[in-house]
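Here's the structure we're looking at; comments come further down.
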Amino acid sequence: MARIIDGKALASKLRERVATGVAEFHALTGRAPGLDVVLVGDDPASAVYTRNKEKAAAEVGIRGALHRLPTTTTEAELLEFVQRLNADPAIDGILVQLPLPNGIDPNRVTDAIDPSKDVDGFHPVNAGMLCVGREGLVPCTPRGCMALLDAHLAAIGAGPDLGGKHAVVIGRSNIVGKPMAQLLLARNATVTVAHSRTRDLPALCRTADVLVAAVGRPKMVGADWIKPGAIVLDVGINRTAEGKLCGDVDTEAAMTVAGAVTPVPGGVGPMTIAMLLENTLTAASRRVG
Ligand code: GUN
């Protein structure tokens, strides 16, 4: 039976560590790190996500602000708003919640954020830095996955190096799949990025020592997709027909074959916000030099 990697517990530990770092930053600089979240429009899911981010920031002592802009906001107005946040020295992290209303190009908005304040790690400068192995800000969900992987490896007495291991990432998004592949590559894994055009996905996945599922298809990864003993990281957050939360992995089935599995909920999800807080502290610390 696979080991369950407890993301809730790890995220809680990480938040405590960030809170300590925030207190040290405050003692050193006389101010708290600042995270400003921008929500455009009234998408109900985005409203919940952004409120959670604001609340989590406050809990670790980060000065958080949530800016709610109306659905009628134009791209020019949003770009000007982002410029104001860029110019404010009390703001260390800027996050513009996606998706944006129709008529606003998300790429133009991402490009407008000062890369040193881009706590999402979505700016092309930060994506490029990750790609060439230089210091930047790294997207929160892949960082959360790596932290879960590291916690598991440490728990079984293995080192963090993935040399000789095959990692398969299902999904090629800029937010998860591509940065995840880079992080695994940086650990010396042999990485395959699979996607909707990949042939015989189950057979490919069965060769993975580390399998990351980030596609958004409920319970797509079954037991017959998993190599015995593999570590399975489930990034999916979906709802079943009955409205129950589930991942991209059929967790119960996977547990009979895998060495370790992240649950949904309580796996990657809680790590994402914890990593956002850590990215904010990192951005703040680098900005004060
Ligand atoms: N929408 C869903 N997830 C995210 C995220 O991590 N960052 C932003 N900016 N928007 C999102």
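The values are calculated or read from the model by the stated rules, or taken from the named source; none is laboratory data. All of these numbers come straight from a predicted model, not from anything done at the bench. We place every Cβ from the backbone using ideal geometry, glycine too, and count neighbours over all the protein chains shown. For the accessible areas, the whole protein counts, side chains as well, though only heavy atoms, and no ligand, DNA or RNA atoms are used. Shrake-Rupley method; radii C 1.70, N 1.55, O 1.52, S 1.80 Å.
Numerical summary
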| read-out | value |
| --- | --- |
| Contacts under 8 angstrom Cβ, first residue in region 243-255 being in contact (Cβ under 8 Å) with a residue 40 or more places away in the chain and open to solvent by less than 10 Å² (accessible area, probe 1.4 Å), partner in a helix (DSSP H, G or I) and not hydroxyl-bearing (Ser, Thr, Tyr), 6 or more apart | 254/223 |
| Region 9-38, subset in a loop (DSSP other than H, G, I, E, B) and over 19 Å from residue 273 (Cβ atoms), residue farthest from the chain's Cα centre (by Cα) | 30 |
| Hits in region 4-49 - residues which are open to solvent by 20 Å² or more (accessible area, probe 1.4 Å), small (Gly, Ala, Ser) and over 21 Å from residue 118 (Cα atoms) | 9, 12, 23, 27, 30, 45 |
| Candidates 65, 57 - the one that is aliphatic (A, V, I, L, M), farther than 19 Å from residue 106 by Cα, over 20 Å from the mean Cα position of the chain (by Cα) and within 16 Å of the ligand (Cβ to nearest atom) | 65 |
| Residue within region 225-241 that is of a type in the set (S, T, N, Q), open to solvent by less than 40 Å² (accessible area, probe 1.4 Å) and under 14 Å from residue 145 (Cα atoms) present | no |
| Helices (runs of 4 or more DSSP H) completely within region 100-198 that count 2 or more residues being closer than 30 Å to residue 12 by Cβ | 124-131, 140-155, 177-186 |
| Residue in region 97-117 that is open to solvent by less than 30 Å² (accessible area, probe 1.4 Å), within 16 Å of the ligand (Cβ to nearest atom), charged (D, E, K, R) and touching a helix residue (DSSP H, G or I) at 6+ places or on another chain (Cβ under 8 Å) present | yes |
